[in-house]
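J.: If you scroll down you'll find the structure; I have some questions about it.
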Amino acid sequence: MDLFSTPAPESARKRVQELTQLVDHYNYEYYMNDTSLVSDFEFDALLRELMDLEHQYPELALPTSPTKRVGGEVNKTFRQVTHRFPMLSLGNTYSIEEIEDFETRTRKLLDGVPFSYTCELKYDGVAIGLTYRHGQLVQAVTRGNGTVGDDITANARTIPTIPLRLRGKYPDDFEARGEVVYPFEAFEAMNRQRVAEGEAPFANPRNAASGSLKLQDSAECAKRKLMFCMYFMMLPSGELESLQQEGNNNAGEGGETSLAEGLATHSGRLAAAKQMGFKVQPYIRECKDIDEIKSFIDYWDKERWNLPFGIDGVVIKVNQTPLWDMLGTTAKSPRWAIAYKFKAERVSTPLLSVSYQVGRTGVVTPVANMKPVWLGGTTVKRATLNNADFMAKLDLHEGDHLLVEKGGEIIPKIVGVDMDFRRSDAAPIAYTAVCPVCGTPLVRAEGEAGYYCPNSDGCLPQLLGHLEHFVSRKAMDIDSLGSERLKLLYDAGLVRNVADLYDLKREQLIGLGRVDSTSQGEGLLMDETDASSSTTVTATIQQKGADNILNALEQSKQVPFERVLFALGIRYVGEVGAKKLARHFGNIDALMSAGAEELAQVEDVGEVTAQTVYQYFSEPEHRLIVQRLKAAGLQMEAVDTRVGNALEGMTIVVSGVFKHFSRDEIKASIEQNGGKASGSISGKTTYFLTGEKVGPEKMKKAEKLSIPLLTEEQYMDMIGMKTE
């Protein structure tokens, strides 16, 4: 507590307690019982009042406060934690016969001891362990390698279905295990938002959930609306016996089932966890034999697509927890549990037509338009055909029926042609020879899978793609200009290339807008449903929006030369290539004057890229755009960021997590001190700079090549950086 702060008055303390109880109660009813007791506006007002009081009187802000759900903690590195109980993986099978073998083996090992099974869903998410002491969440850890995981406590607190403080009866010390999943509705809403902001959509809920848990800013994690589904309660040695012998201060009275009795079975532990405030899904069944297990599996193999989240199988466990020790474990898996995984669902549906999409770099992607078919919980009617080679391999003919699969992924994939429906007179379908938008003949570079449209300056999808790339975060970072606003500017005739952005005037922007109809998901190779097939879109730029755009454009003039070069969107020139070119030539004029041979001499710039860069700057239109950007005040000269030459001539490969640097920071530090940060171990590597959680394959290669290892402290010593 600040010595000069004013102690919280009793009225504030009471109000914080009252607000905490109210918000906790409303949260519990909403997330556990699907009941809204107050409007969103009323709830937000209560939460804001609580946040304001905690800000005014920091000593009143507890770790279990519901305000922690909002997030805000920033964590650049995730501390490694050794699991108190190893997080073993379950044995997996796709075979009912192997489930029968498991059941037979279990009965033989237990040799007449009475027992039952619990069957539950196998969630398609990220496994984590939550430690509770004295009824409060103290730590959340990812599975990691099963022995060591990452501490993600700050992010876990933002997940509404993870209780920060337990209710009712509970053990004094235990670990709750479960899966963090990304519910379909929240996942699809986030993807729509990302597409609207010019970001790439997430591929599937599982990967998105995993990435969300490792976000450095917990406030960003809070926006993802993840869900924790509990499936395990782990008790320390002696905890159950202690409860049985000594009772518990929350134990029931007057014949009520004690907590210890409830914890003697797996199903009892889950029932108890639900009373404590955990989100325990109701899809659990106690089974007495193999027939009931098969019935449960058959039911959910069909019904899984009606769930609001993803599952990829069923888990079968011996229900009586004291028998777990008797059955024991193998090196990798417990003998008292097994997982049955569902096979990917496959359907056959008629191909109606093949259309083509043009990307930012001109690459043309074929898309199969199919008769709508129900697959994996959604109606699928479009899927990518990848490229010309993939189409040729399928040997597509008109009227073909396509085999489409969708397992744990959100995006359906075409896996073949159903030859039972091939007509004898069907004509083959050839890949298009011209751009579907501008009609320009397509070209294909040697060694590449895709054809592309070379009309980069006159093909509408490429023009808009260039604009979106230019304003993106890793390029000019003009966050006030998303894809929708860029389309507005193009339609109004105000912007035809990136240089036009810096000629925009306030009066041109204010009131700019349109109202039209757009198809949901158009241009996205994602699941599509028949619901919301068209939406009326109103996009109008108000005074504040206009000012934000102009301010963002002005701020972008400070973006360094290497990112300006990357923002130009030259084919084959990524972030690394742009950095190499910028540092080698020093300024845009020297770069534009370089010949193809000179460009090819730049480190890590090959002949193909060199030729593409040369051709780009040979175009008068491109040179004019560069001159206009230069006149607008953009950075067209490299700034030497070197602070020393301690690493001159050294090539250093970085792997692991560091205490004093993020991965990007330590790579930048290497270059600032005259070294080269490389991504792969080779005979040219000078040092292998390692932190915690080093990549095992890189370590093996470093050892094989006898590359010297360098710790973070040794590295800091080399560059003269003091540790705290």
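J.: Could you give me the residue pairs with C-beta distances under 7 Å whose first residue belongs to segment 691-712 and is open to solvent by 40 Å² or more (accessible area, probe 1.4 Å), whose second residue is β-branched (V, I, T) wherever it lies, and which are 6+ apart or on separate chains?
T.: Between residues of segment 691-712 that are open to solvent by 40 Å² or more (accessible area, probe 1.4 Å) and residues that are β-branched (V, I, T), the close pairs are E692/V657; K693/V657; K698/V653; K698/I681; K701/I681; L705/I681; L709/T690; T711/T690.
J.: I've got another one for you. Right, I152: open to solvent by 10 Å² or more (accessible area, probe 1.4 Å), among the β-branched types (V, I, T) and in contact with a Lys or Arg (Cβ under 9 Å, 6 or more places away or on another chain) or not?
T.: no
J.: So, one more: Which residue is farthest from A702 (Cα to Cα), if the candidates are limited to segment 627-645 and must be surrounded by fewer than 17 Cβ atoms within 10 Å (Cβ to Cβ), at pLDDT below 95 and not hydroxyl-bearing (S, T, Y)?
T.: Here the residue is E637.
So that you can scan it fast, the table gives a plain yes or no per residue for (1) in contact with a Lys or Arg (Cβ under 9 Å, 6 or more places away or on another chain); (2) open to solvent by 60 Å² or more (accessible area, probe 1.4 Å); (3) among the aromatic types (F, W, Y):
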| site | (1), (2), (3) |
| --- | --- |
| R382 | no, no, no |
| F390 | no, no, yes |
| L396 | no, no, no |
| K406 | yes, no, no |
| P412 | yes, no, no |
| M419 | no, yes, no |
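J.: Out of all the residues in segment 254-310, which are of a type in the set (G, A, S), touching a residue at least 12 places away in the same chain (Cβ under 8 Å) and part of a loop (DSSP other than H, G, I, E, B)?
T.: Residues satisfying the conditions are S258, A264, G277, G310.
J.: Something else about it: With respect to T147, determine if the residue is at negative phi, in contact (Cβ under 8 Å) with a residue 24 or more places away in the chain, crowded, with 20+ Cβ neighbours inside 10 Å and of a type in the set (V, I, T).
T.: no
J.: So F278 clears everything in (1) surrounded by 18 or more Cβ atoms within 10 Å (Cβ to Cβ); (2) over 30 Å from A209 (Cα atoms) except one condition, right? Which one?
T.: Going through the list (1) surrounded by 18 or more Cβ atoms within 10 Å (Cβ to Cβ); (2) over 30 Å from A209 (Cα atoms), F278 breaks only (2).
J.: When D503 is evaluated against the numbered criteria (1) open to solvent by 30 Å² or more (accessible area, probe 1.4 Å); (2) at pLDDT below 95, which criterion, by number, is the only one it fails?
T.: (2)
J.: For segment 169-209, give me each residue that is within 30 Å of V471 (Cβ to Cβ), aliphatic (A, V, I, L, M) and either modelled with pLDDT of 90 or more or surrounded by 15 or more Cβ atoms within 10 Å (Cβ to Cβ) (or both).
T.: A186, M190, V195, A208, A209 - these are the residues of segment 169-209 that are within 30 Å of V471 (Cβ to Cβ), aliphatic (A, V, I, L, M) and either modelled with pLDDT of 90 or more or surrounded by 15 or more Cβ atoms within 10 Å (Cβ to Cβ) (or both).
J.: Among what's in segment 298-311 and is over 23 Å from the mean Cα position of the chain (by Cα) and surrounded by fewer than 17 Cβ atoms within 10 Å (Cβ to Cβ), pick the residue that is nearest to V380 (Cα to Cα).
T.: Out of the qualifying residues, it is N306.
J.: Right, something else. If you take the residues of segment 451-468 that are small (G, A, S) and surrounded by 19 or more Cβ atoms within 10 Å (Cβ to Cβ), which of them is farthest from V564 (Cα to Cα)?
T.: The selected residue is S456.
J.: Which one of G399, G450 is more than 32 Å from the chain's Cα centre (by Cα) and more than 30 Å from L307 (Cα to Cα)?
T.: Testing whether each residue is more than 32 Å from the chain's Cα centre (by Cα) and more than 30 Å from L307 (Cα to Cα) leaves just G399.
J.: Being in contact with an Asp or Glu (Cβ under 9 Å, 6 or more places away or on another chain) and either more than 30 Å from S593 (Cβ to Cβ) or at pLDDT below 85 (or both) is the requirement here; does K704 meet it?
T.: no
J.: I would also like to ask the following. In contact with a Lys or Arg (Cβ under 9 Å, 6 or more places away or on another chain), open to solvent by less than 40 Å² (accessible area, probe 1.4 Å) and on the phi > 0 side of the Ramachandran plot - does that describe any residue in segment 333-351?
T.: No.
J.: Something else about it: Does G586 satisfy being modelled with pLDDT of 90 or more, closer than 30 Å to K413 by Cα and open to solvent by less than 30 Å² (accessible area, probe 1.4 Å)?
T.: Spelling it out, it is not the case that G586 is modelled with pLDDT of 90 or more, closer than 30 Å to K413 by Cα and open to solvent by less than 30 Å² (accessible area, probe 1.4 Å).
J.: Tell me, please, whether a residue that is under 22 Å from I311 (Cα atoms), surrounded by fewer than 18 Cβ atoms within 10 Å (Cβ to Cβ) and of a type in the set (S, T, Y) can be found in segment 111-120.
T.: Scanning segment 111-120, I find no residue that is under 22 Å from I311 (Cα atoms), surrounded by fewer than 18 Cβ atoms within 10 Å (Cβ to Cβ) and of a type in the set (S, T, Y), so the answer is no.
J.: I'd like the full set of residues that are of a type in the set (V, I, T) and assigned to a loop (DSSP other than H, G, I, E, B), limited to segment 621-659.
T.: V639, T641, V643
J.: Between a residue in segment 539-564 that is over 17 Å from R485 (Cα atoms) and among the acidic types (D, E) and any residue that is in a helix (DSSP H, G or I) and open to solvent by less than 70 Å² (accessible area, probe 1.4 Å), which pairs come within a Cβ distance under 6 Å, given they are 6 or more apart or on different chains?
T.: So the pair list comes out as E562/A578; E562/K579; E562/A582.
J.: Anything in segment 420-461 that is acidic (D, E) and assigned to a loop (DSSP other than H, G, I, E, B)? List them, or say none.
T.: Result: D425, E446, E448, D457.
J.: Starting from segment 469-484, take each residue that is farther than 16 Å from L504 by Cα and open to solvent by less than 70 Å² (accessible area, probe 1.4 Å) and list its partners that are of a type in the set (G, A, S) and at pLDDT below 90, counting only C-beta distances under 6 angstrom and pairs at least six apart or across chains.
T.: S483/G198; E484/A539
J.: For segment 682-724, name all the residues that are in a helix (DSSP H, G or I) and under 22 Å from N645 (Cα atoms).
T.: E712, E713, Q714, Y715, M716, D717, M718
J.: Show the residue pairs that are 6+ apart or on different chains and have beta-carbon atoms under 9 Å apart, the first residue being within segment 50-70 and surrounded by 18 or more Cβ atoms within 10 Å (Cβ to Cβ), the second being among the aromatic types (F, W, Y) and modelled with pLDDT of 85 or more.
T.: Hits for this filter: zero, empty list.
J.: Name the single residue, out of those in segment 145-157 being out of contact with any strand residue (DSSP E or B) (no Cβ under 6 Å at 6 or more places or on another chain) and farther than 25 Å from D24 by Cα, that is modelled with the lowest pLDDT.
T.: N145
The values are calculated or read from the model by the stated rules, or taken from the named source; none is laboratory data. Please read these numbers as outputs of a predicted model, since none were measured by experiment. With ideal geometry, Cβ positions are generated from the backbone for all residues, glycine too; neighbour counts draw on all protein chains shown. Quick note on the areas: whole protein, heavy atoms, side chains included, nothing else; ligands and nucleic acids left out. Shrake-Rupley method; radii C 1.70, N 1.55, O 1.52, S 1.80 Å.
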